[in-house]
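Chemist: If you scroll down you'll find the structure; I have some questions about it.
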Amino acid sequence: MAPEGDLFAGLRHQPQAVEHLRHALASGHVAHAYAFVGPHGSGRKAAALAFATALVTRDAGVGARTADRVARGVHPDVHLIQPTPPESNPKGAPALRVDGVRELERLAALRPAEAPVKVFIVDEAEKMTLATPQAFLKTLEEPPARTVIILILAQPGALPATLLSRCQIVRFLPTPAEGTLALLPDGRGEARQRALEMLARVETGGGDAVLASGEALGRDREAAETVVETCWLWYRDLLAAQAHPAPPLVFAERAEAVRARAAALSLDDIVRGLSACREARQAIVGNVSPRLSVEILLSRLATAA
């Protein structure tokens, strides 16, 4: 395997993860499976592609050409597996299904076409169906020779421990955007604003608003996760607003509304809201219906209001 050169230059916010991967490349002690764990936007996929490029590059002289082929998805020994909708329903929820694992196993059994190893990058691994982790476990327990598998996921709890125990975990920290707080998700964006508007409607509209919100979400797991996280960030800001002096707010552009709402709630109300957010998140990770999880959360927050 060739030196990785400057492949990781774009990951300056992830020094620990990069150091872990550089050490594996330099020492030659590359695991058969990795789990790149961290929030969206933290550079997990970029790191996986950079690591794959270093693994399949035979000599430094062709590193740039190899990196370009990997980035374009045309390198024969680097495979990117992503969630897809069901064949019978192109508009259905994307997921990683058992047939995708079977295809990975088939390709992994083949010899590398031109590189020392084959690399399989499984993006959004938390979107495996219920049956997929068990099917994937056999591949990790009996890894094909000259094969490296990289799982990309947001939270370690999103997959069974039996699966992750076969992987080396590389953690990625949230990358703070300009104007945001370090180690906290960005409070900006249309999805956040829609979630805050949903919360406001529920606080004034009660049960009808809760059911309407659930209907709007449908089976969209990602949207449900955004609502839960936004509610958590909102209640985090309410807690911050009651502190003296108050720390910076995630929703700084709504500082006046945050302070007014915080003044209307007791500390116990806010703590109960944070607990409800945590339980909703755990429910979704545990494969409870995202819609039901959000409806229960909004009902609890509406009651507190």
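The values are calculated or read from the model by the stated rules, or taken from the named source; none is laboratory data. For clarity, every value in this text was computed on a predicted model and none was experimentally measured. FYI the Cβ positions are ideal-geometry reconstructions off the backbone, even for glycines, and counts take in every protein chain you see. Ligands, DNA and RNA are stripped out before the accessible areas are found, and what is left, the full protein with its side chains, is counted by its heavy atoms. Shrake-Rupley method; radii C 1.70, N 1.55, O 1.52, S 1.80 Å.
Chemist: Which pairs, out of Lys91/Lys118; Lys45/Lys127; Lys45/Lys118; Lys45/Lys138, put more than 21 Å between their alpha-carbon atoms?
Modeler: Over 21 Å Cα-Cα: Lys91/Lys118; Lys45/Lys138.
Chemist: For a Förster distance of 41 Å, can you work out the FRET efficiency between the beta-carbons of Val30 and Val271, rounded to the nearest 0.05? Can you show the working numbers first?
Modeler: Values: r = 45 Å, r/R0 = 1.11.
Taking R0 as 41 Å, the efficiency between Val30 and Val271 is 0.35.
Chemist: Once you mark the trypsin sites (Lys or Arg not before Pro) that are in a DSSP loop and have at most 10 other Cβ atoms within 10 Å, what is the longest gap between them in the chain?
Modeler: Formally, the longest exposed-site-free interval is 92-305.
Chemist: Sticking with this one: Considering only DSSP beta bridges with both partners in the chain, what is the antiparallel share in %, to the nearest 5? Could you put the intermediate results ahead of the total?
Modeler: On the way: 1 of 20 bridges.
Roughly 5 percent of the beta bridges in the chain run antiparallel, per DSSP.
Chemist: With a 1.4 Å probe and all protein chains left in place, how much of the accessible area of the chain comes from carbon and sulfur atoms, in whole percent?
Modeler: Roughly 54 percent of what the probe reaches on the chain is carbon or sulfur.
Chemist: Same structure again: Amide H of Val170 versus every other amide H placed in the peptide plane: which residues, excluding those fewer than 5 positions away on the same chain, fall under 5 Å?
Modeler: HN-HN under 5 Å from Val170: Ala35, Phe36, Val37.
Chemist: Report, in degrees rounded to the nearest 10, the 0 to 90 angle that the Cα long axis of helix 44-56 makes with the longest principal axis of the chain.
Modeler: 0
Chemist: Still on this structure, I have one more. If the only charges are +1 at each Lys and Arg Cβ and -1 at each Asp and Glu Cβ, what is the size of the charge dipole of region 1-153 around the Cα centre, to the nearest 20 debye?
Modeler: Details: 17 positive and 16 negative charges, 33 e Å.
Roughly 160 debye for region 1-153.
Chemist: Also, I was wondering about something else. If you roll a 1.4 Å probe over the heavy atoms of the protein chains, what accessible area per residue do you get for the chain, in Å²?
Modeler: Per-residue accessible area for the chain comes out at 51 Å².
Chemist: Considering the dipole of the chain built from charges on the beta carbon (Lys and Arg +1, Asp and Glu -1) around the Cα centre, which of Leu298, Ala154, Thr132 is farthest to its positive end?
Modeler: Farthest towards the positive end: Thr132.
Chemist: Right, next: Given +1 on the Cβ of Lys and Arg, -1 on the Cβ of Asp and Glu, and no further charges, what dipole in debye does the chain carry about its Cα centre, rounded to the nearest 20?
Modeler: Roughly 440 debye, rounded to the nearest 20.
Chemist: Give the long-range amide H neighbours of Ala95: residues separated by 5 or more places, or on another chain, with amide H under 5 Å away, using H modelled in the peptide plane at 1.01 Å from N.
Modeler: Thr84
Chemist: Separate question: What list of ³J(HN,Hα) values in whole Hz, one per residue of region 233-246 in order, does the Karplus curve 6.51 cos²θ - 1.76 cosθ + 1.60 (θ = phi - 60°) give from phi, with Gly and Pro shown as x?
Modeler: 4, 4, 5, 4, 5, 4, 5, 4, 5, 8, 7, 9, x, 6
Chemist: Right, something else. Given H placed 1.01 Å from N in the peptide plane, which residues other than close sequence neighbours of Val122 have an amide H under 5 Å from its amide H?
Modeler: Ile81, Ile150, Leu151, Ile152
Chemist: Sequence gap at least 6, Cα distance under 8 Å: using those rules, report the relative contact order of the chain to the nearest whole percent.
Modeler: Numbers: 452 pairs, mean separation 53.9, N = 305.
Taking the mean separation of contacting Cα pairs over the length of the chain, I get 18 percent.
Chemist: Among all stretches of the chain without exposed GluC sites (Glu not before Pro) (DSSP loop, at most 14 other Cβ atoms within 10 Å), which one is longest? Please report the intermediate quantities before stating the final value.
Modeler: On the way: sites that count: Glu87, Glu114, Glu178.
The longest uninterrupted stretch comes out as 179-305.
Chemist: Heavy atoms only, probe 1.4 angstrom, no DNA, RNA or ligands counted: give me Ser165, Ser27 ranked by accessible area, highest first.
Modeler: Largest accessible area first, the list is Ser165, Ser27.
Chemist: For region 137-144, take each phi angle, set θ = phi - 60°, evaluate the Karplus expression 6.51 cos²θ - 1.76 cosθ + 1.60, and give the result in whole Hz per residue in order, putting x for glycine and proline.
Modeler: Going residue by residue, I get 4, 4, 5, 6, 6, 10, x, x Hz, with x marking Gly and Pro.
Chemist: Read through the labelled values (1) 23.2, 75; (2) 21.9, 66; (3) 20.0, 59 and report the label of the one computed as Rg and Dmax of the Cα atoms in Å from the structure.
Modeler: Recomputing Rg and Dmax of the Cα atoms in Å here picks out (2).
Chemist: Within the P(r) computed for region 106-172, what percentage of the Cα pairs occupies the region above 17 Å? It would help to have the intermediate numbers written out before the result.
Modeler: Details: 920 of 2211 pairs.
Above the 17 Å cut-off, region 106-172 has 42 percent of its Cα pairs.
Chemist: If you plug each phi of region 272-281 into the Karplus form 6.51 cos²θ - 1.76 cosθ + 1.60 with θ = phi - 60°, what whole-Hz ³J(HN,Hα) values come out, in order, with x for Gly and Pro?
Modeler: Computed from phi, the couplings for region 272-281 are 5, x, 4, 5, 5, 5, 4, 5, 5, 4 Hz.
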